[in-house]
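Inspection log for the structure reproduced underneath, given as structure tokens.
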Amino acid sequence: MTATASDARRQQEALGEQGHPHRWRILAVLASVAFMAQLDLFIVNIAVPAIGRSFGGASLPGLSWVLNAYAIVFAALLVPAGRLADHFGRRRFLLAGVAIFALASAACAMSPSLGVLVAARAVQAVGAALIVPTSLGLLYPSFPRRQYATVVGIWAGVAAVAGSSGPPVGGLLAGFDWRWIFVINVPIGAATLIAGWRLLPEVRAAKGARLPDGLSAALLLAAVTLLILATVQGPVWGWADPRTDGLLAAALIAIGLTVARTLRHPNALIEKALFRSRPFTFASIALFLFFIGFAIFLLTMALFLQGQWHYSAVRAGLAIMPGPATAAVFAVSAGRISRRFGPVWPAVTGTSLMAVSAACWIISTSGHPFYATAILPGMLVAGASAGLTQAPLFAAAGTLPPERATTGSAVLNMARQVGSAVGVAVVVVILGPAARHTVTDFHRAWGAEVAAGVLAALAAAAAGRRRRRRAG
């Protein structure tokens, strides 16, 4: 047993069956900061048309970098941030992340050009990468194991509501000015910084523990960055362009070297022991596929309502609101549902409902705005999908030893963010750079969402089949 493992287990044993005396306040702080970081991945989607008008009618490929810069940096830094937080202190890294996130949000709000906005979004993602894995990593030591399903269900439910709430919240704020979607983070960040400083315990590796392998960290950073960069630039440059081919080749080489280093080095950044947990492995795959579809849903719905039906940003946000409301209903009950049916059934049902919601829009939408029959039923199904899916998949980090909870959370969130970036790229590929799109174009995008939902459901079901085989 390593020093890190011994330290984490001693802390867990010291808490006994009661957990930290302020554990529910700690949960409130951690859920709040996770909500803030997750919300900003999708809150910008609804404001993309308004941002384009503000910066001289920028093209969709150019504007997509407001989304992609956040997704790329967030995904690339999640695992290194999680491992370093385990070593130097989870509380310290989380509070630093909140401060960076709030300051970068202020810079986004004051951006004089699209380039400055994209750069500020990249810095904002650095803060988010420090926040998200450490929030779950601090949650586990604060609660006794018997409450893990409940508290992780709440944490993941908050993440589900944050993702689904992005468009409606963004639409309401963009109705005044799109810059308000960033201004709102500043007071929230300041409040959670003060509360976190007072309440959160510090959890870190034992003195003398080794830092994670630097080469494996560099290889992972290169692999994630090159893969997402190739994915988002491929539609712009063309898939036959030598630049795209070069990025894809470099990404594949970096991925291969990362896997080799993980398998061979005893202190690799991503420890191979993580993937001895089959539920964790399949949850990572399912989250990647689910969030490809989820990103397609949020971006295409924002573009469809405003581009095809000519809704204002505020009206489009309100039209999407039933989705987050339904997600919240299911998210609140996520822990109880998982305890009653196990984690596999709600994950399979939730991912399948994503495919059902997109199929509803393919069948019912046209150029004529019939919201109640064409959009609303699918929106309610999409909300149920988000509320059911995320809690059981993120709870897979709870199958790992306590000292690996932060790294496991980082890997799961990396899968989520890479999937989100791929989903945005899929939308750009299907819709193209044209200013106007046909209803058929959006139907093709929703067809890709159907495929993502079906594949995610198969990955979630595979975890259940493997588990039953082992039990048998």
Next item on the list: Grab the Cα-Cα distance for V439 and S364, subtract it from 0.36 nm times how many residues apart they are, and report the gain in nm with one decimal.
Entry: 25.9 nm
Checklist line | Packing-based exposure ordering (other Cβ within 10 Å, fewest first) of S135, S32, S113 | finding: S113, S32, S135
Next item on the list: Using the Cα centre as the reference, give the magnitude of the dipole from point charges on the C-beta atoms of the chain (Lys, Arg: +1; Asp, Glu: -1; all else neutral), rounded to the nearest 20 debye.
Entry: 1480
Notebook entry, point to check: Between the helical axis of 278-307 and the dominant principal axis of the chain, each derived from Cα atoms, what acute angle in degrees is found, rounded to the nearest 10?
Noted result: 30
Checklist line | Net charge, L95 excluded, C-beta distance under 12 Å - Lys, Arg +1, Asp, Glu -1 | finding: +3
Notebook entry, point to check: Long-range amide H contacts for F143: which residues qualify at under 5 Å (H placed 1.01 Å from N, peptide plane, sequence gap of 5 or more or a different chain)?
Noted result: H20
Item checked: P(r) weight above 22 Å for region 227-318, C-alpha pairs, percent -> 57
Check: Tally Lys/Arg at +1 and Asp/Glu at -1 over every other residue whose Cβ is under 13 Å from the Cβ of A129; what's the total?
Finding: +2
Margin query: Which of S312, S284 has the fewest other C-beta atoms within 10 Å, and how do the rest follow up to the most?
Written below: S312, S284
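Rounded to the nearest 500, what is the 222 nm mean residue ellipticity of the chain from helices alone, with -39500 (n - 2.57) per DSSP H run of 4+ residues and division by all residues?
So the calculated ellipticity at 222 nm is -27000 deg cm²/dmol.
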Item checked: Length gained when the stretch A106-R339 is fully extended (0.36 nm per residue, less Cα-Cα span) -> 79.7 nm
Check: Counting other C-beta atoms within 10 Å, which of H368, H22 has the fewest, and how do the rest follow?
Finding: H368, H22
Next item on the list: Could you calculate the FRET efficiency of A218 with F176 from 1/(1 + (r/R0)^6), where r is the beta carbon distance between them and R0 is 45 Å, rounded to 0.05?
Entry: 0.55
Next item on the list: Kindly provide the pair-distance distribution of the chain built from C-alpha pairs, with 20 Å bins from 0 and whole-percent values in order of increasing distance.
Entry: 26, 60, 14, 0
Margin query: Tell me the angle of helix 23-42 to the major Cα principal axis of the chain, expressed in degrees between 0 and 90 and rounded to the nearest ten.
Written below: 30
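Read-outs throughout are calculated quantities, based only on the coordinates presented, and are distinct from any laboratory measurement. Computed from a predicted model, the values in this text were never measured in an experiment. Methodologically, a virtual Cβ is constructed for each residue, glycine included, from the backbone with ideal geometry; neighbour enumeration extends over all protein chains shown.
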